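Read the figures in this text as sums done on the coordinates, not as results from a lab. Since this is a predicted model, take the numbers as computed values, not measurements. All Cβ positions, glycine included, derive from the backbone under ideal geometry; neighbour counts span all protein chains shown.
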Amino acid sequence: MGRGKIEIKKIENPTNRQVTYSKRRAGIMKKAKEITVLCDAEVSLIMFSSTGKFSEYCSPSTETKKVFDRYQQLSGINLWSAQYEKMQNTLNHLKEINHKLRREVRQRMGEDLEGLDIKELRGLEQNMDEALKLVRNRKLKNSQETHRNLMHEMEVVEDHTVFGFDDDSSNYEGVLALANGGSHMYAFRVQPSHPNLHEMGYGPHDLRLA
């Protein structure tokens, strides 16, 4: 018993539609390759599925662009004119934007102000004020970040600080450390000036910050 004839209309079920497309695409590709070999034909085949998936086949003896060029020549239809016009319009639009930006830069520098009315001048002044606020905010943010980094570095230094006293101002090795180790050494010499300190026999001491 043969297969039933399929009615040629859009398959509503997305899954069935995709399965059918994949099967028939493979069959078309096979036929294109066969006719290329059997008949020495130049074939270019391009397909897009309903989901936008791109598939193509081109005979090994040619290129897709060459097939399009031959089609243009024989049919008299210019395939590239619309694309060229679109690209030209895009280029002109970008040139216009560039011209406006350059003019705005010159106006912010106090140049090319001729012909501006009061409304345009006020708008330019407002734009400059907003730009100035933005620069100030960024500068303040950078200053705050720098301050935070500096405070963090100072905290790290304080965590590695050692204080000590030295009875002999010439002997820096005789430090009484009040913390376990340190990476920096600072020496402060304290000369007792109070009479009671002299009477108790205290001499010059070095206060060292390490």
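Things worth noting here:
- For region 14-78, average projected area of the Cα convex hull in nm²: 5.3
- Protection proxy ranking for 119-127, 24-32, using the average of other Cβ atoms within 10 Å per residue and placing the highest first: 24-32, 119-127.
- Note on region 80-131: with charges restricted to the Cβ of Lys and Arg (+1) and Asp and Glu (-1), its dipole about the Cα centre is near 280 debye.
- Amide H contacts of CYS58: LEU45, each under 5 Å away and 5 or more positions distant or on a separate chain (H built 1.01 Å from N in the peptide plane; Pro and chain starts excluded).
- Only lysines eight or more places from LYS30 in sequence, or on another chain, were considered; those with a Cα closer than 24 Å are LYS5, LYS9, LYS10, LYS53, LYS65, LYS66.
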